[in-house]
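Below you'll find the structure, written out as structure tokens, and then a few comments.
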Amino acid sequence: GLLVQEKIYTERELATTLDISRTPVREALLELAAKDLVELVPRKGIKVKTFQRNDWEEIFELRQALEVAAVEKITGKVASQDIQAMESIIDQQRTCEARGDGDGFLYQDRLLHGLLCELTANKRLIKSYTDLLDLIQVMGIYPLHEPGRMQEVIEEHLAVVHGIRSNDPALSRKAIKYHLTITQRKGLNFC
């Protein structure tokens, strides 16, 4: 969040700012470019990726497909300690929301959604979701700037967990679709 969008940064400038050599900066920038988080500008440097409307739509289309499949698969099949783990993460989100800690809130959000996918034990679904995580994390910052959004997310997460705990795949599916649709809609306001 410290780099300005549309400004071109050089490896040397970033290495100096971070007080490290250019080699790790170059390697990190190549990894970030592969994850579509920065754009390489030939013979000039890099700039932070600016997400357009179609980026949001594509990423959330894929995210929704993966997470809907995940909650449908795990509903009625997770152990009580897994439900408790989800509820514990939501409790941590409440703490972050009370402190106004957006970064901590997003970290807990990442844990919860990741747990939903991990519980499927589907290696390919987990890998696909993991590949999206950094984009989801960066995009998730914007909707949280809206007053009250953190509390809404908590309620939406509770509805997902309720569906899973109730062994009701239709309720789980409806709750996760609603959560992701609202998140996407709110994020599109920042495009």
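A compact table of results
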| quantity | calculated |
| --- | --- |
| Probe 1.4 Å, protein heavy atoms only - accessible area per residue of region 110-182 in square angstrom | 49 Å² |
| Accessible area of residue 7 in the full protein assembly, 1.4 Å probe (Å², nearest 10) | 90 Å² |
| Rounded accessible area of residue 138 (nearest 10 Å², 1.4 Å probe) | 50 Å² |
| Region 65-140 shape via C-alpha gyration tensor axes, a/c threshold 1.5 | oblate |
| Percentage relative contact order, region 67-191, counting C-alpha pairs under 8 Å, at least six apart | 36 percent |
| Accessible area, probe 1.4 Å, largest first, for residues 80, 128, 172 | 80, 128, 172 |
| Extension gain, residue 26 back to residue 80 (0.36 nm per residue minus Cα-Cα distance, nm) | 14.9 nm |
| Candidate lysines for bridging to residue 7, where Cα separation is under 26 Å - those fewer than 8 sequence places away on the same chain excluded | 35, 44, 47, 49, 186 |
| Whole-percent carbon and sulfur share, accessible surface of region 47-178, 1.4 Å | 51 percent |
| Accessible-area ranking of 73, 123, largest first, probe 1.4 Å | 123, 73 |
| Centroid-to-centroid separation of region 34-67 and region 131-191 [C-alpha atoms, Å] | 19 Å |
| Gained length - residue 12 relative to residue 101, 0.36 nm times residue gap less alpha-carbon distance | 28.8 nm |
| Vicinal HN-Hα couplings computed from phi for region 49-55 (Karplus, 6.51 cos²θ - 1.76 cosθ + 1.60; Hz; Gly/Pro x) | 4, 9, 8, 9, 3, 5, 5 |
| Residue-wise HN-Hα coupling along region 157-165, computed from phi with Karplus coefficients 6.51, -1.76, 1.60 (Hz; x: Gly, Pro) | 5, 4, 5, 5, 5, 4, x, 5, 4 |
| Whole-Hz couplings from phi, Karplus 6.51/-1.76/1.60, listed for region 129-144; x for Gly and Pro | 5, 4, 5, 7, 3, 5, 5, 4, 4, 5, 5, x, 5, 4, x, 6 |
| Heavy atoms of residue 162: accessible area, 1.4 Å probe, square angstrom to 10 | 90 Å² |
| Cleavage-rule hits, GluC sites (Glu not before Pro), region 1-85, DSSP coil, Cβ neighbours within 10 Å at most 14 | 6 |
| Entry for Rg and Dmax of the Cα atoms in Å (calculated from the structure that is shown) out of (1) 24.0, 93; (2) 18.2, 57; (3) 18.7, 63 | (2) |
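The values are calculated or read from the model by the stated rules, or taken from the named source; none is laboratory data. Values in this document were obtained by computation on a predicted structure and should not be read as measured data. A quick note on method: Cβ atoms are made from the backbone with ideal geometry, for glycine too, and the neighbour counts reach across all protein chains shown. The area values use the complete protein model at the heavy-atom level, side chains included, leaving out ligands, DNA and RNA. Shrake-Rupley method; radii C 1.70, N 1.55, O 1.52, S 1.80 Å.
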